[in-house]
1. Would you mind stating whether ILE73 is touching a strand residue (DSSP E or B) at 6+ places or on another chain (Cβ under 6 Å) and not aromatic (Phe, Trp, Tyr)?
2. Specify which of the listed residues (ILE32, ILE55) is in contact with a strand residue (DSSP E or B) (Cβ under 9 Å, 6 or more places away or on another chain) and closer than 22 Å to THR106 by Cβ.
3. What pairs come up if the first residue lies in the stretch 125-140 and is assigned to a loop (DSSP other than H, G, I, E, B), the second is loosely packed, with under 12 Cβ neighbours inside 10 Å and modelled with pLDDT of 70 or more, and their beta carbons are under 8 Å apart, counting only those six or more places apart or on different chains?
4. Go through (1) out of contact with any strand residue (DSSP E or B) (no Cβ under 6 Å at 6 or more places or on another chain); (2) closer than 16 Å to TRP131 by Cβ; (3) without any contact (Cβ under 8 Å) to a residue 60 or more places away in the chain for THR49 and report which single condition fails.
5. Determine whether SER90 is surrounded by 13 or more Cβ atoms within 10 Å (Cβ to Cβ), within 21 Å of TYR130 (Cβ to Cβ) and hydroxyl-bearing (Ser, Thr, Tyr).
6. Please specify each residue of the stretch 67-100 satisfying the condition of being of a type outside the set (Lys, Arg) and within 13 Å of the chain's Cα centre (by Cα).
7. Residues that are out of contact with any strand residue (DSSP E or B) (no Cβ under 9 Å at 6 or more places or on another chain), aliphatic (A, V, I, L, M) and at pLDDT below 95: does the stretch 106-114 have at least one?
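The values are calculated or read from the model by the stated rules, or taken from the named source; none is laboratory data. Bear in mind that the values here come from a model prediction, so they are computed numbers and not experimental data. Heads up, the Cβs are rebuilt from the backbone with ideal geometry, glycines too, and the neighbour counts pull from every protein chain shown.
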Amino acid sequence: MRSGPIIVVEDDIDDKEIFDAALQELQSTNKIIWFNNCDDAWDYLKKTTDSPFIIFSDVNLPKKSGLEFKKQIDEDNQLRKKSIPFVFYSTSVNQDTVNEAYTKMTVQGFFQKSNRFEEMKQTIKLILDYWRVCRHPNVI
């Protein structure tokens, strides 16, 4: 089981509180590190010695979009080598954005936020469970 922190990039305080409540109910033992913009998340990723478990990012964020953030990560050799799973978790999902995420960067998932708490919690559980058992460069 991977014990690194879960990184969440989310600027909506209501979504943050709901996400946090879902993680609490799921009894996640991973530390959660929140950022409300991509620049602060970038600074953390560049400086930390932690091996983050996963990054959840909204698409629509202030200053820099989640898409721009993921492209920035993909272009950085140091961060690419860390192979941190990265999923988009966003309210706004359209086909062009999903296509861009999968064809122009190395995104590992794109999920739409549910307005129902139980459905949201189950989606988060599914994502976390998958990455806990998945084999990739950080766990081999």
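1. Working: touching a strand residue (DSSP E or B) at 6+ places or on another chain (Cβ under 6 Å): no; not aromatic (Phe, Trp, Tyr): yes.
Answer is no for this residue.
2. Values: ILE32 fails: closer than 22 Å to THR106 by Cβ.
Only one candidate passes the filter, namely ILE55.
3. Listed pairs, sorted by first residue: PRO137/LYS81.
4. (2)
5. Numbers: surrounded by 13 or more Cβ atoms within 10 Å (Cβ to Cβ): yes; within 21 Å of TYR130 (Cβ to Cβ): yes; hydroxyl-bearing (Ser, Thr, Tyr): yes.
Considered against the rule, which asks whether it is surrounded by 13 or more Cβ atoms within 10 Å (Cβ to Cβ), within 21 Å of TYR130 (Cβ to Cβ) and hydroxyl-bearing (Ser, Thr, Tyr), SER90 comes out as yes.
6. The initial filter retains those residues of the stretch 67-100 that are of a type outside the set (Lys, Arg), namely 67-69, 72-79, 83-100.
Listed by number, the residues that qualify are LEU67, PHE69, ILE73, SER83, ILE84, PRO85, PHE86, VAL87, PHE88, TYR89, SER90.
7. Of the stretch 106-114, the ones out of contact with any strand residue (DSSP E or B) (no Cβ under 9 Å at 6 or more places or on another chain) are 114.
Still in the running and aliphatic (A, V, I, L, M): none.
Taking every residue of the stretch 106-114 in turn, none turns out to be out of contact with any strand residue (DSSP E or B) (no Cβ under 9 Å at 6 or more places or on another chain), aliphatic (A, V, I, L, M) and at pLDDT below 95.
Yes/no matrix, rows are residues, columns are (1) buried (at least 16 other Cβ atoms within 10 Å of the Cβ); (2) touching a Phe, Trp or Tyr at 6+ places or on another chain (Cβ under 9 Å):
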position: PHE35; (1), (2): yes, yes
position: THR48; (1), (2): no, no
position: SER57; (1), (2): yes, yes
position: GLN72; (1), (2): yes, yes
position: GLU75; (1), (2): no, no
position: ILE84; (1), (2): yes, yes
position: TYR102; (1), (2): no, yes
position: ASN115; (1), (2): no, no
position: LYS125; (1), (2): no, no
